1. May I ask you to say which residue of 110, 114, 71 is surrounded by 15 or more Cβ atoms within 10 Å (Cβ to Cβ), free of Cβ contacts under 8 Å to residues at least 24 places away in the same chain and under 21 Å from residue 178 (Cα atoms)?
2. Considering only residues that are in contact (Cβ under 8 Å) with a residue 12 or more places away in the chain and assigned to a loop (DSSP other than H, G, I, E, B), which ones fall in region 121-142?
3. Of the residues in region 36-62, how many are more than 27 Å from the chain's Cα centre (by Cα) and either farther than 13 Å from residue 16 by Cβ or basic (Lys, Arg) (or both)?
4. Which helices (runs of 4 or more DSSP H) does region 1-120 wholly contain that include 3 or more residues that are under 28 Å from residue 137 (Cα atoms) and in contact with a Gly (Cβ under 6 Å, 6 or more places away or on another chain)?
5. Within region 143-169, which residues are in contact (Cβ under 8 Å) with a residue 24 or more places away in the chain and either touching a Cys at 6+ places or on another chain (Cβ under 6 Å) or open to solvent by 30 Å² or more (accessible area, probe 1.4 Å) (or both)?
6. Of 39, 54, which residue is modelled with pLDDT under 95 and out of contact with any Phe, Trp or Tyr (no Cβ under 9 Å at 6 or more places or on another chain)?
7. Among the residues of region 122-142 satisfying the criterion of being among the acidic types (Asp, Glu) and surrounded by 14 or more Cβ atoms within 10 Å (Cβ to Cβ), which is farthest from residue 170 (Cα to Cα)?
8. Could you run through region 170-180 and say how many residues are touching a residue at least 60 places away in the same chain (Cβ under 8 Å) and outside any helix (DSSP H, G or I)?
Amino acid sequence: MENTENKKIRQGSSEKRAKIIAAARDLFLSDGFDRSSVDAVAARAGVSKRTVYDYYGDKLNLLIAVAEETSEAVLELIKQGISDYLRKFENLEQALCLFCEQFVASAKGSSDYSALIRLITVEADNLPSSFLEKLDNAAEEELIRRFTEFGQTGLLHVPDPEMAAKHFAALTFLLVFNRPGGTGALEEAQTKRIITEGVRVFLCAYGQPTVHNED
């Protein structure tokens with residue numbers, strides 16, 4: 001039998017790749033990485049075991065591919081929020097609040113976000129630290145870019161845009177995600193209050209004395 005570990009991983013068809021990723025994600029989430037076999041992934045995807053190995057090399061590479069694809073969908077939520085609220089606006093505080101509120105609402109309704117959090121939490125020992133670091137950097141990248149531009153236009157005072165992005169996330173949507181869950185209108189009101197107060201604290205630290213409208 002040919003040693004698949006030494007074979008060059010091939011691109012293969014996008015349709016088969018999508019089926020393998022979907023099957024692996026379902027199994028990793030329901031049964032866990034250690035209890036999920038490549039045989040089971042192949043059977044659920046409707047492909048051969050050899051195809052899975054040919055496309056991904058081994059089960060760990062498959063887990064990383066699942067996490068990467070799932071994280072890409074979550075990162076798109078951030079990009080969409082920035083496009084919707086942090087490009088053109090009249091009031092920076094309001095724009096930052098609306099961005100956070102949309103991201104929180106979208107993430108909570110996203111199966112991709114739930115899956116990503118579950119994978120990172122449960123399979124942290126199986127995911128390389130380089131992937132987790134890359135994910136953190138990617139999540140902050142768009143905010144860093146916007147905060148850098150805000151600093152250049154005088155909307156914010158940000159000597160270190162990367163640190164500003166970390167502070168902003170920690171004070172707003174990450175604080176919401178890390179709090180115990182609630183329900184209904186009460187949860188929505190608490191979420192809005194956390195975000196509003198977090199944005200105001202952020203602007204106290206990074207805002208200019210007089211905030212001008214963006215051109």
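The values are calculated or read from the model by the stated rules, or taken from the named source; none is laboratory data. Nothing here was measured: the structure is a model prediction, and the numbers come from that model. In this analysis, Cβ positions are derived from the backbone assuming ideal geometry, glycine residues included, and neighbour counts consider all displayed protein chains. Side chains are part of the model used for accessible areas, which takes the heavy atoms of the whole protein and leaves out ligands, DNA and RNA. Shrake-Rupley method; radii C 1.70, N 1.55, O 1.52, S 1.80 Å.
1. Details: 110 fails: free of Cβ contacts under 8 Å to residues at least 24 places away in the same chain; 71 fails: free of Cβ contacts under 8 Å to residues at least 24 places away in the same chain.
On inspection, the qualifying residue turns out to be 114.
2. Initially, region 121-142 is screened for residues in contact (Cβ under 8 Å) with a residue 12 or more places away in the chain, giving 122-123, 126-128, 131-132, 135, 138-140, 142.
Answer for region 121-142, where residues must be in contact (Cβ under 8 Å) with a residue 12 or more places away in the chain and assigned to a loop (DSSP other than H, G, I, E, B): 123, 126, 127, 128.
3. The qualifying residues number 5.
4. On the way: elements: 14-31, 38-45, 49-56, 59-85, 92-108.
Passing ranges, in order: 92-108.
5. If the condition is that a residue be in contact (Cβ under 8 Å) with a residue 24 or more places away in the chain and either touching a Cys at 6+ places or on another chain (Cβ under 6 Å) or open to solvent by 30 Å² or more (accessible area, probe 1.4 Å) (or both), then 153, 157, 166, 167 are the ones that fit.
6. Values: 39 fails: modelled with pLDDT under 95.
None of the others qualify; the one that does is 54.
7. Out of the qualifying residues, it is 123.
8. Going residue by residue through region 170-180, those that are touching a residue at least 60 places away in the same chain (Cβ under 8 Å) are 172-173, 176-177.
Next cut, outside any helix (DSSP H, G or I) only: 172.
Within region 170-180, residues that are touching a residue at least 60 places away in the same chain (Cβ under 8 Å) and outside any helix (DSSP H, G or I) number 1.
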